[in-house]
Amino acid sequence: MDGVHDLGGRHGLGPIAPEQDEPVFHADWERSVLVMFPAMAMAGAFNLDEFRSGMEQIPPAEYLSATYYEHWLHSMILYGTRAGIFDPDDLERRTRHYLDHPGEAAPEAAKPELVETLRGLIPGGDEYRRQTDAEPAFAVGQTVRVRPEVSTTHTRRAGYIRGRVGEVVAAHGAYVYPDSNALGLGEDPHHLYTVRFTASELWGDEPGAANSLVHIDLWQPYLIAA
């Protein structure tokens, strides 16, 4: 979706200042949110692309001021409510309770079988490669252009590469197509390629551009021959 959520390549947001010795989690509740993601996906609340699309529905000002895992939590509440996992009134009541009693520990639950599944799923991820009878339209070494059209729904075709020309450097076979999957229209697998862009093609001849390359994975419908 075109909006502030697509931050790649944007100017005016200031320098990137990595936090020294940054911890994996900045608060204990973030650990719970990380575990909730695969658990809710396994419960059928959303697929990966719907989850990403949910974060793109956060109001712009809220999105820019919220933290990483707050984005996750917003999408989980959106789809968890839609799937009947959460009751909005109960969620509001529990939220108010812990705002009034911040020192109270959250209730604990034990599901050993789910823990074992998550031990493998969280570090290893899931498999999104799929079979297709369609032939690949592009080959390694071929020059391609990213389609320039705007997008009103979820896409992995980032704004800063649209209309830009690059070279296919790897062909990976077919993978779940995010644009369809995010809308609940099925996996609709398409061929996936790694495309290499020069920095000068993306941003012009700024300092250091001649020594910089950007590699991006792009699905076949995103591309046209150049």
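Beta carbons closer than 9 Å, at least 6 apart along the sequence or on distinct chains, pair a first residue in segment 128-145 that is assigned by TED's automatic domain parsing to the domain that holds H191 with a second that is surrounded by fewer than 10 Cβ atoms within 10 Å (Cβ to Cβ) and part of a strand (DSSP E or B) for A137/A225; F138/A225; Q142/A225; T143/A225; V144/A225; R145/A225. Only one entry of R156, R94 meets the criterion of being more than 25 Å from the chain's Cα centre (by Cα), of a type in the set (K, R) and closer than 27 Å to E56 by Cβ, and that entry is R94. Of all residues being touching a Lys or Arg at 6+ places or on another chain (Cβ under 9 Å) and touching a residue at least 24 places away in the same chain (Cβ under 8 Å) in segment 200-213, which is surrounded by the most Cβ atoms within 10 Å (Cβ to Cβ)? Just the residue, please. Among those that are touching a Lys or Arg at 6+ places or on another chain (Cβ under 9 Å) and touching a residue at least 24 places away in the same chain (Cβ under 8 Å), it is L202.
Answer with yes or no whether G9 is on the phi > 0 side of the Ramachandran plot, in contact with a helix residue (DSSP H, G or I) (Cβ under 6 Å, 6 or more places away or on another chain) and not in a helix (DSSP H, G or I).
So G9 fits the description; yes.
Go through segment 12-49 and give me each residue that's within 25 Å of T153 (Cβ to Cβ), loosely packed, with under 14 Cβ neighbours inside 10 Å and not hydrophobic (A, V, I, L, M, F, W, C). Once the filter is applied, which keeps residues that are within 25 Å of T153 (Cβ to Cβ), loosely packed, with under 14 Cβ neighbours inside 10 Å and not hydrophobic (A, V, I, L, M, F, W, C), segment 12-49 yields only G44. Filtering segment 153-195 to residues that are within 29 Å of A83 (Cβ to Cβ), not in a loop (DSSP other than H, G, I, E, B) and not aromatic (F, W, Y) leaves A174, P178, D179, S180, N181, H190, L192. Would it be correct to say that S151 is touching a Lys or Arg at 6+ places or on another chain (Cβ under 7 Å) and among the polar types (S, T, N, Q)? Yes. For V169, the conditions (1) surrounded by 15 or more Cβ atoms within 10 Å (Cβ to Cβ); (2) in the same structural domain as E187 (by TED's automatic domain parsing) all hold with the exception of (1).
Of all residues in segment 80-119, those that are loosely packed, with under 10 Cβ neighbours inside 10 Å and out of contact with any helix residue (DSSP H, G or I) (no Cβ under 7 Å at 6 or more places or on another chain) total 15. Just the residues that are free of Cβ contacts under 8 Å to residues at least 60 places away in the same chain, crowded, with 17+ Cβ neighbours inside 10 Å and out of contact with any strand residue (DSSP E or B) (no Cβ under 8 Å at 6 or more places or on another chain), please, taken from segment 181-199. Result: D188, single match. The residues of segment 145-157 that are surrounded by 16 or more Cβ atoms within 10 Å (Cβ to Cβ) and out of contact with any helix residue (DSSP H, G or I) (no Cβ under 9 Å at 6 or more places or on another chain) amount to a single one, R145. Of the residues in segment 64-79, none is in the same structural domain as A43 (by TED's automatic domain parsing), more than 23 Å from the chain's Cα centre (by Cα) and either among the β-branched types (V, I, T) or over 28 Å from H5 (Cβ atoms) (or both).
Just for segment 100-135: of the residues that are within 22 Å of the chain's Cα centre (by Cα) and among the basic types (K, R), which one is modelled with the lowest pLDDT? In this case the residue turns out to be R119. The set of residues in segment 63-79 being in contact (Cβ under 8 Å) with a residue 24 or more places away in the chain and surrounded by 14 or more Cβ atoms within 10 Å (Cβ to Cβ) consists of Y63, Y69, W72, L73, S75, M76, L78, Y79.
The values are calculated or read from the model by the stated rules, or taken from the named source; none is laboratory data. In this text, all values refer to a predicted model and were calculated from it rather than measured experimentally. So basically every Cβ, Gly included, is an ideal-geometry build from the backbone, and we count neighbours across all protein chains shown.
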